[in-house]
Structures are given as structure tokens and as C-alpha cells.
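Step one of this worksheet: look at the structure below.
Please treat every number below as a calculation from the coordinates, not as lab data. Small disclaimer: the values here were computed from a predicted structure and weren't measured. We place every Cβ from the backbone using ideal geometry, glycine too, and count neighbours over all the protein chains shown.
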Amino acid sequence: MHFLPDGEHRHRFLAALRAAGLGVEESWLRYFALGGEVGRVEIEAYLNGLLPLPCLQHDLIAHAINERLDEITPPRAPYSAELPVSLPEGNGVHGKDDPEDVDSHASGEIDSPGANDEVDAEASGNDVDEEAG
């Protein structure tokens with residue numbers, strides 16, 4: 001069965017091709033490397049909507065385009081299900097990798113001795129004024 005995308009399918013296919021930034025030559029090379037069987041001229045005609053191709057050949061072209069899109073897509077933030085199970089629950093491990101620690105030092109402030117005594121005392125339930133007096 002031969003396939004020639006039209007309407008919405010063609011629009012989405014060509015949008016992906018443009019987003020991938022591939023020309024006919026590079027599209028064909030990637031397609032051919034995946035096992036594609038038709039020549040560059042046929043691929044160009046197909047991309048211009050002039051020649052239908054077997055569904056498998058269309059899928060190989062689509063796969064070549066999608067591989068390129070995967071290469072140029074910026075990294076995504078991982079969901080919790082994608083994180084290693086060895087991480088403890090909560091805010092993570094305190095130390096160099098602690099996001100709160102990074103934020104507190106990002107402003108260039110230098111911690112002075114006793115600068116966080118009031119915060120530490122409040123967190124432990126002690127009254128700072130009672131300790132000082």
C-alpha cells in the first residue's frame with residue numbers, strides 16, 4: 001500500500017521536517033542509513049507531495065526526522081518516577097547538591113559566625129533572648 005500524507009498529516013509531517021532543520025540530502029542520508037530503499041529524487045518528490053511511497057518508507061523517513069528532533073531537543077526535567085530510588089524522601093541530601101544551599105550562596109553573601117544563630121535557635125525551639133541573657 002502506498003501512502004501520501006495530506007491535510008493535517010502532511011502539515012504535521014512538514015512541520016516536523018522544518019523543526020528538524022533537515023534538507024532533502026540529509027533527510028535522505030538519515031533515511032537510507034535506517035534501511036530506506038528509494039533514492040534521493042523519490043524522497044524529494046515525496047516531500048513535495050508529488051509521489052506516494054509505501055507506508056514502511058514513509059515511516060522510515062518519519063523516524064529519521066524524529067531521531068534528529070530527539071538530538072536537538074533540550075534536556076527535560078525528570079519526573080519523580082524517573083529518579084533513582086536511592087534518593088531519600090524530602091528535600092534531598094543536604095550539602096553541595098542541596099538547592100537551598102546553592103541559593104543562599106548564589107548572592108555572593110559570606111556567612112559570618114553567628115549569622116544564623118537566631119534562625120537555628122528558632123528551629124530548635126529555643127528563644128534567642130533567653131540564651132543571650
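Available extension along the chain between A19 and L50 is 9.0 nm, counting 0.36 nm per residue and deducting the alpha carbon span. Working note: Debye formula, equal point scatterers on the alpha-carbon atoms of region 2-72, no solvent; log10 I(q)/I(0) at q = 0.13, 0.16, 0.21, 0.22 Å⁻¹ is -0.30, -0.46, -0.83, -0.92. For E8, put the label point 7 Å out on the Cα→Cβ axis and report which residues of region 51-68 keep their amide N under 20 Å from it. Inside the label zone: 59, 62.
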